[in-house]
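One structure is given here, and the rest of the page talks about it.
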Amino acid sequence: MRLSRTIRVVRRTAVASRSLGNSRAFSTFYTKDHEYLKAEGDIYIMGISDHAQQELGDVVFVELPETGSSFEQGEACGSVESVKAASSIYAPVDIEVVEANDTLEDNYSLVNESAEAEGWMVKVKVTNPDQLGELMDADAYAAHCAAE
């Protein structure tokens with residue numbers, strides 16, 4: 001029983017590795033600036049991390065890019081304002097925006113309630129997948145946050 005479960009896990013990992021191409025075999029990537037990219041097939045969901053929203057405090061405004069906009073890695077593509085501070089959102093890799101989370105316009109608190117789920121900001125196409133290798137997985141990101 002245990003062996004068959006191990007084989008299934010190994011197969012899933014192998015499939016994930018093949019489907020992500022040159023990127024590593026995990027589906028959520030993080031930046032040092034606290035943005036995340038979560039893979040959903042060829043589209044990635046992008047937003048600020050749970051750690052970032054905790055540091056910001058209550059979010060009172062979100063500025064999102066327009067659908068069809070393109071940004072290079074490191075370029076500001078939006079902003080988040082809270083009761084404590086305003087912060088730019090940076091493109092983790094080269095991206096093209098395919099959808100903005102319009103729900104945030106009426107409910108900024110979703111970023112605080114569920115930053116890495118319902119509080120996502122945009123859905124994007126990654127236009128340079130090789131750059132994904134420069135990002136952190138969840139463990140590396142947790143270590144990065146602990147060291148800050």
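The values are calculated or read from the model by the stated rules, or taken from the named source; none is laboratory data. Just so it is clear, the structure is predicted and the values come from calculations on it, not from any experiment. Protein only, heavy atoms only, side chains kept; ligands, DNA and RNA dropped before computing areas. Shrake-Rupley method; radii C 1.70, N 1.55, O 1.52, S 1.80 Å.
If Asp50, Asp33, Asp106 are ordered by their accessible area, calculated over protein heavy atoms with a 1.4 Å probe, which sequence runs from highest to lowest?
Asp106, Asp33, Asp50
Given H placed 1.01 Å from N in the peptide plane, which residues other than close sequence neighbours of Cys77 have an amide H under 5 Å from its amide H?
Ile89, Tyr90, Ala91
Rounded to whole Å and ordered largest first, report the semi-axes of the equivalent ellipsoid of region 28-146 derived from its Cα gyration tensor (root of 5λ).
On the way: eigenvalues 80, 59, 29 Å².
After diagonalising the Cα gyration tensor, the semi-axes are 20, 17, 12 Å.
Per residue, how large is the accessible surface of region 77-138? Use a 1.4 angstrom probe and give square angstrom.
Value returned for region 77-138: 46 Å² of accessible area per residue.
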